[in-house]
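Structure, as structure tokens:
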Amino acid sequence: MVDLKKSPFNLDDSQIQWVEETINSMSIDEKIGQLFVLLKAVPGVDEEKIKESLEVSHQGGLRWQGGDNETVYHQNSFYQKTSKTPLFIAANCDDGGIGVSKSGTFVATAAECGAGGNTENAYNLGYVAAKEASALCCNWMFNPVVDIYKNWRNTIVNTRSFGSDPEKVLENARAYIKGVKAANPNMACTAKHFPGDGVEELDQHLVMGVNNMSVEEWEDNFGYVYRSLIKEGLEAIMVGHIALPEMSRKLVPGIKDEDIKPATLSKELLTDLLREDMGFNGVVITDASHMVGLSATSKRSEAVPGAIIAGCDMFLFANDVKEDIGYVKKAYEEGRLTEERLSDALHRILGLKAHLHLNSPDRNIPAKDLSIIGCEEHHKFAIKAAKECITLVKDTRNNIPVDVNKKKRLFLVYVGSTPTTKGYTGDPVKNVVIEELEKAGFEVDVCPNYHDLEVENGVSPMNFIKMLNHQTRQSFVESHDLALIVVNVKGYAQENNVRLRWSVNHSCELPWYNEEVPTIAMSLNYTNHLIDLPQIHTFINAYSPKREHIRAAIEKMIGLDTFNGKADETVFCGRWDTRL
């Protein structure tokens, strides 16, 4: 039986009465519906369709995708007003308010915050995220990420982690949560992705993850972080589709390899470890259920109820709403999902809603004020983070600071992500880089890029020939004072790791100029690009392709400001040559 007077709920008698009366008034369909957080993938507000969907699903929570601020506010507030039972409305804000709105504020990545000398930027990150998410009626933050970046090859975790040191991850996660609570005390926070990502290089969107740490290693790292946050009142945990085989083998002696499941389906990890041993009393929710880390390990008819049976309270997203709910109902009718397990889940779900005061008459729907989203005050936090966290990873030839009065003729090589659509018309970030370099006083000579040449000239063999056209070394040196490689490469869920890719083989982009003129490289995203540019002697991690960060990095490069960030050891990718 769930004790709702204990942390993290801390309910009084009247709140507990509301929970009990609400559960007792529900039909079995309404009870099962509470277990689901569903995605509204099509932006827009069709009030009749929303009413119909709520009558079918009786969903416990909502996530949405896309839409302008006015539409999203209308949509989310209508969902909340119309639902028979108050809804969780969830936000995913790794980098700030930009997680809920295209016009929201990008503050910083977790990696950027981790590079700073204190946790103030993580606090600001949580504060801005909650302020802007709250304006769109959100009450549940799917953050902070508490994954620990142990494997430099892991690009799904890279910028989302506060670092490789569990103490730093914990301190910044605490700060993020404090920022959220300062902005909105009635917003729940979620630590993710239990039992912990960042040890291997694979991505649970594509495969089942495996955290291969020993029990002792896990306890010293992820266990330490989660146990600490649980003691401090953590409200929710998101479970990744990640196996923890050594812990499973300890908890279930003799378990066969084929019976080791991702944590989302693992009773020994959720019930035996997380609930009983670690004492977590809050809400447990799965990571997105369409990810192959879950869907390829079990039939969906088994996985959907199996996650609840194993110890998850809520299931994130549905394939087919009626079908998935039907799978849970069938498991209940057959006794596989017990009355006790269902009751515990419902008490935690409704208990957290009461904890957030969603049982109030207005359900905490804010008055419409969208002006705070992307406001100037919040952008100041982004400028502050850039100033304090942008990192000079190495400068072994003392190329920095660059005296722009003496070395202004700059050869720019911009490397973006490979275009994946036929509608590519150019990379706007490249133009921002050029603009900011010219404002700083550089004369910028832009290296050709094969994809841009196709936009400019159409498909032609001459584009490839132009990319191979290396000028004489003497003429290059006579016309350039330095070279700058700017890398803006990022991917998501389309391959297990993402690496720097030149636009065409053997192109003039490649750093043949490294020993001809002073050469600097700057990453606007991932922190691990030294694996593909080890020979570059000066490297900057700027963490973001936003103008504030690009400008700040250039100002530091030319000596108008100092580099204050500290590089995580993982940036050197476990190699000696990346340090030269």
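The values are calculated or read from the model by the stated rules, or taken from the named source; none is laboratory data. These numbers were taken from a predicted model, which means no experiment stands behind them. Please note: Cβ atoms are built from the backbone with ideal geometry, for glycine as well, and neighbour counts cover all protein chains shown. Side chains are part of the model used for accessible areas, which takes the heavy atoms of the whole protein and leaves out ligands, DNA and RNA. Shrake-Rupley method; radii C 1.70, N 1.55, O 1.52, S 1.80 Å.
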Note to self: Report the Cα-based extents of the range 1-95 along its three principal axes, largest first, to the nearest Å.
What the structure shows: 41, 35, 19
Margin query: Please report the carbon-and-sulfur percent of the accessible area for the range 81-141; probe 1.4 Å, protein heavy atoms only, DNA, RNA and ligands left out.
Written below: 46 percent
Next item on the list: For the range 218-328, just say rounded, prolate or oblate: build the C-alpha gyration tensor, square-root its eigenvalues into a ≥ b ≥ c, call rounded for a/c under 1.5, and beyond that prolate if a/b exceeds b/c, oblate if not.
Entry: oblate
Next item on the list: Provide the per-residue ³J(HN,Hα) series for the range 66-82, in order, calculated from phi with Karplus coefficients 6.51, -1.76, 1.60 and θ = phi - 60°, each as a whole number of Hz, with x at glycine and proline positions.
Entry: x, x, 6, 4, 4, 5, 5, 4, 4, 4, 5, 5, 5, 3, 5, 5, 8
Check: In the range 388-450, carbon and sulfur make up what percent of the accessible area (probe 1.4 Å)?
Finding: 47 percent
Item checked: Size of charge dipole - the chain - debye, nearest 20, with Cβ of Lys, Arg +1 and Asp, Glu -1, no other charges -> 560 debye
Notebook entry, point to check: Out of ALA303, GLY279, ILE242, whose Cα points farthest toward the positive end of the dipole of the range 242-369 (charges: +1 Lys, Arg; -1 Asp, Glu; placed on Cβ)?
Noted result: ALA303
Next item on the list: Could you tell me the distance between the Cα centroids of the range 45-121 and the range 384-452, to the nearest Å?
Entry: 34 Å
Note to self: If you average the alpha carbon positions of the range 154-230 and of the range 533-555, how far apart do those two centres end up, in angstrom?
What the structure shows: 26 Å
Next item on the list: Using θ = phi - 60° and the Karplus relation 6.51 cos²θ - 1.76 cosθ + 1.60, list the HN-Hα couplings for the range 388-405 in order, rounded to whole Hz, with x at every Gly or Pro.
Entry: 8, 10, 4, 10, 8, 5, 7, 8, 6, 10, 6, 7, 10, x, 8, 7, 5, 6
Next item on the list: Kindly provide the GluC sites (Glu not before Pro) of the range 1-92 that DSSP labels as loop, not H, G, I, E or B, and whose Cβ sees at most 16 other Cβ atoms within 10 Å.
Entry: none
Check: Percent antiparallel among DSSP beta bridges with both residues in the chain, to the nearest 5?
Finding: 10 percent
Check: Mind listing the Cα extents of the chain along all three principal axes, in Å, largest one first?
Finding: 83, 56, 47
Checklist line | Acute angle (nearest 10 degrees) that the helix 13-24 long axis makes with the longest principal axis of the chain, alpha-carbon atoms | finding: 80 degrees
Next item on the list: Calculate what fraction, in whole %, of the accessible area of the range 201-256 sits on carbon and sulfur atoms when a 1.4 Å probe is rolled over the protein chains.
Entry: 53 percent
Check: Looking at the range 485-580, which chymotrypsin sites (Phe, Trp or Tyr not before Pro) are DSSP coil and have at most 15 other C-beta atoms within 10 Å of their C-beta?
Finding: TYR492, TRP512, TRP576
Notebook entry, point to check: How many percent of the alpha carbon pairs in the range 161-254 exceed a separation of 23 Å?
Noted result: 29 percent
Item checked: Amide H within-cut-off set for ILE89, under 5 Å, with H built and near neighbours excluded -> LEU62, ASN139, TRP140
Notebook entry, point to check: Each residue of the range 195-210 in order: what ³J(HN,Hα) in whole Hz does its phi give by Karplus 6.51 cos²θ - 1.76 cosθ + 1.60, θ = phi - 60°, with x for Gly and Pro?
Noted result: x, x, 9, x, 8, 10, 9, 8, 10, 5, 5, 10, 8, 5, x, 9
Notebook entry, point to check: Long-range amide H contacts for ALA567: which residues qualify at under 5 Å (H placed 1.01 Å from N, peptide plane, sequence gap of 5 or more or a different chain)?
Noted result: none
Next item on the list: Check each of the trypsin sites (Lys or Arg not before Pro) in the range 331-427 and keep only those in coil by DSSP with at most 10 other C-beta atoms within 10 angstrom; list them in order.
Entry: LYS406, LYS422
Next item on the list: Report, by chain and number, residues whose modeled amide H sits under 5 Å from the one on GLU443, excluding near sequence neighbours (fewer than 5 apart, same chain).
Entry: ARG409, LEU410
Next item on the list: Compute from the Cα atoms of the range 388-514 the Rg and the Dmax, the latter being the longest Cα-Cα distance, and quote both in angstrom.
Entry: 15.8, 46
Checklist line | Additional length obtainable on full extension of the chain from LYS368 to SER298, 0.36 nm per residue less Cα span | finding: 20.8 nm
Notebook entry, point to check: How much length is gained on full extension from ASP577 to ASP3, taking 0.36 nm per residue of separation minus their Cα-Cα distance?
Noted result: 201.1 nm
Checklist line | Across LYS5/LYS181; LYS150/LYS490; LYS231/LYS330; LYS131/LYS430; LYS192/LYS556; LYS102/LYS299, pairs whose alpha-carbon gap is larger than 27 Å | finding: LYS231/LYS330; LYS131/LYS430; LYS192/LYS556; LYS102/LYS299
Checklist line | Rounded to the nearest 20 debye, dipole of the range 82-164 from Cβ charges on Lys, Arg, Asp, Glu | finding: 240 debye
Checklist line | Check: the range 222-306 dipole with +1 on Lys, Arg Cβ and -1 on Asp, Glu Cβ, in debye | finding: 80 debye
Next item on the list: For the range 327-437, report the translational diffusion coefficient in µm²/s to the nearest whole number, using Stokes-Einstein at 25 °C, 0.890 mPa s, and a Kirkwood Rh over Cα pairs.
Entry: 112 µm²/s
Item checked: C-alpha long axis of helix 300-310 to longest principal axis of the chain, angle in ° -> 70 degrees
Check: On average, how much accessible surface per residue is there in the chain, in Å², for a 1.4 Å probe, leaving out ligands, DNA and RNA?
Finding: 40 Å²
Checklist line | Positive-end residue, the chain charge dipole about Cα centroid, Cβ charges, pick of VAL128, SER475, ALA175 | finding: SER475
